[in-house]
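Data first, discussion second: the structure below is written as structure tokens.
The values are calculated or read from the model by the stated rules, or taken from the named source; none is laboratory data. Just so you know, these numbers come straight off a predicted model, no measurement behind them. With ideal geometry, Cβ positions are generated from the backbone for all residues, glycine too; neighbour counts draw on all protein chains shown. These accessible areas exclude ligands, DNA and RNA; they are computed on the full protein's heavy atoms, side chains included. Shrake-Rupley method; radii C 1.70, N 1.55, O 1.52, S 1.80 Å.
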Amino acid sequence: MTLRRRRQVAWTLRGSALLAVLAFLVGRSGARSGGLVEAERLFGHPVQLLGGAVVLVVVSLVVELEFRTRFSQIGCAAALVGLVVVAGPYVLLGLAFDGDGRPVSRTTHPDRPDLALTVTDVAFSIDPLYQVEVVTGRGWSARHWELGTWGEDSGHGYYQDAVWSGPDRITVTSDEESAVFVLDPATGRPGPPQVTKR
């Protein structure tokens, strides 16, 4: 392979790595409260996207550089082994603990089918940690708004229930408190909770 062809291949791989990083940024933006649901679903995979970007950059360096001397070959092998040792545990943990969580319930608003209340168990351990969100809109324009998390170390007590308690109201109850969220009628965005201790 000629030097020019190796450089073309290397820069194509680096461009693909840049696309993976941009996709990760879109997914990260979608994961925030108020972010697009589909953006998070499609691109909310940091281990795969960032790991793939790193692999593409390393492969592009290997393709572009010539390793004719013994010293350069040993250095390249040592760098690759070091990369695997450092990144391996991170990749395995990321694949084992996918941050999507386990869906518990989804309740559509009785009068507005474009609003849904979702409860997801996002715990990495045996003790459940419930994340409650309201989803507004449908399809590509759907957004999710985080109401909070309830569980042992959440500071809100153990989750018991989340219900539609009015036209634009959600009540989340735990063993310690009851939190009422009022939604903006136009956007569905929740306001700050009104908390009552039990």
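For the chain, find the longest principal axis of its Cα atoms and tell me its angle to the long axis of helix 70-96, 0 to 90°, nearest 10.
Between the helix axis and the principal axis of the chain, the angle is about 10 degrees.
What angle, in degrees between 0 and 90 and rounded to the nearest 10, separates the Cα long axis of helix 3-31 from the longest principal axis of the Cα atoms of the chain?
Roughly 10 degrees, rounded to the nearest 10.
Angle check, please: helix 46-64 long axis (alpha carbons) against the longest principal axis of the chain (alpha carbons), in degrees 0 to 90, nearest 10.
Helix 46-64 and the main axis of the chain meet at about 10 degrees.
Please find the FRET efficiency linking L42 to T107, where r is the Cβ-Cβ separation and R0 is fixed at 22 Å, and quote it to the nearest 0.05. Provide the component values of the computation, followed by the final result.
Numbers: r = 25 Å, r/R0 = 1.11.
It comes out at approximately 0.35.
Would you pull out the residues with amide H under 5 Å of T108's amide H, same chain only if 5 or more places away, H placed 1.01 Å from N?
For T108, the qualifying residues are L117.
Sum -39500 (n - 2.57) across every DSSP H segment of at least 4 residues in the chain, then divide by the residue count to get the 222 nm mean residue ellipticity, nearest 500. If you can, show how the numbers build up before the last one.
Details: 4 runs with 82 residues, N = 198.
Helix-only estimate at 222 nm: -14500 deg cm²/dmol.
Springs between alpha-carbon pairs under 10 angstrom, Gaussian network model over the chain: which of V81, V26, V59 fluctuates most?
V81
Which one of G151, G75, G52 has the biggest mean-square fluctuation once the chain is modelled by GNM with Cα springs under 10 Å?
With Cα springs under 10 Å in the chain, the top fluctuation among G151, G75, G52 is at G75.
Relative to the present Cα-Cα distance, how much length would full extension add between R4 and A186 at 0.36 nm per residue of separation? Don't skip to the end; give the middle numbers.
On the way: separation 182, 0.36 × 182 = 65.52 nm, distance 5.69 nm.
59.8 nm is the gain from fully extending R4 to A186.
For the range 1-160, what % of the accessible area comes from carbon and sulfur atoms, probe 1.4 Å? Display every interim value, and only then the final one.
Working: 6600 of 10290 Å².
C and S fraction of accessible area: 64 percent.
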